[in-house]
Amino acid sequence: MLTSKQRAYLRGLANRETAIMQIGKGGVGENLVKTVSDALEARELIKLTVLENSMESPKEVANALADATHSDVVGVVGRKIILYRESVNNKRIEL
C-alpha cells in the first residue's frame, strides 16, 4: 500500500513516461495480465491507455490489473492508468 506522498512522487515520475500499452475491447485477459506483469518487473512504473472501444471504464481496468498483477494503482487520469510494483531483480525507484 502506497502513502499519498509516495503516490504523488510516482505520479510525478510517470509524467515523463509514455504509455507502453493500449487496452481495447478485449479487456483484461490472461495475455494482458502476463504482459503487464512482465513490464512491471522490468520497469516498476508503467503507464497504460484504455481505448474508447473498451467495454470497461479505466478505473475498473486499473483495479482489475492491480489485483491480477499484485501492483498498486498510482492514478487514473482520463483514459490513462499508472501502475507500480516494486521489482525483485531490477530495482530502479527508491521510495
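Readers should treat all values here as calculations from the given coordinates under stated rules, not as data from a laboratory. Quick caveat, the model's predicted, so the values are computed rather than measured. For neighbour counting, all protein chains shown are included, and Cβ atoms are generated from backbone atoms with ideal geometry for every residue, glycine included.
Applying a threshold of 6 Å to beta carbon distances and a minimum spacing of six or more residues, or different chains, the list of pairs starting in the stretch 69-95 at a residue that is small (Gly, Ala, Ser) and ending at one that is in a loop (DSSP other than H, G, I, E, B) and surrounded by 12 or more Cβ atoms within 10 Å (Cβ to Cβ) reads Ser71/Arg85; Ser87/Glu44. Within the stretch 1-16, no residue satisfies the criterion of being in contact (Cβ under 8 Å) with a residue 12 or more places away in the chain and farther than 16 Å from Asp72 by Cβ.
Of the strands (runs of 3 or more DSSP E) lying entirely inside the stretch 1-91, the ones with 3 or more residues being surrounded by 13 or more Cβ atoms within 10 Å (Cβ to Cβ) are found at 45-50, 72-77, 80-84.
Considering only the stretch 18-60, state which residues are out of contact with any helix residue (DSSP H, G or I) (no Cβ under 8 Å at 6 or more places or on another chain) and either in contact (Cβ under 8 Å) with a residue 60 or more places away in the chain or among the hydrophobic types (A, V, I, L, M, F, W, C) (or both). Within the stretch 18-60, Ala19, Ala39, Ala42, Leu51, Met55 qualify.
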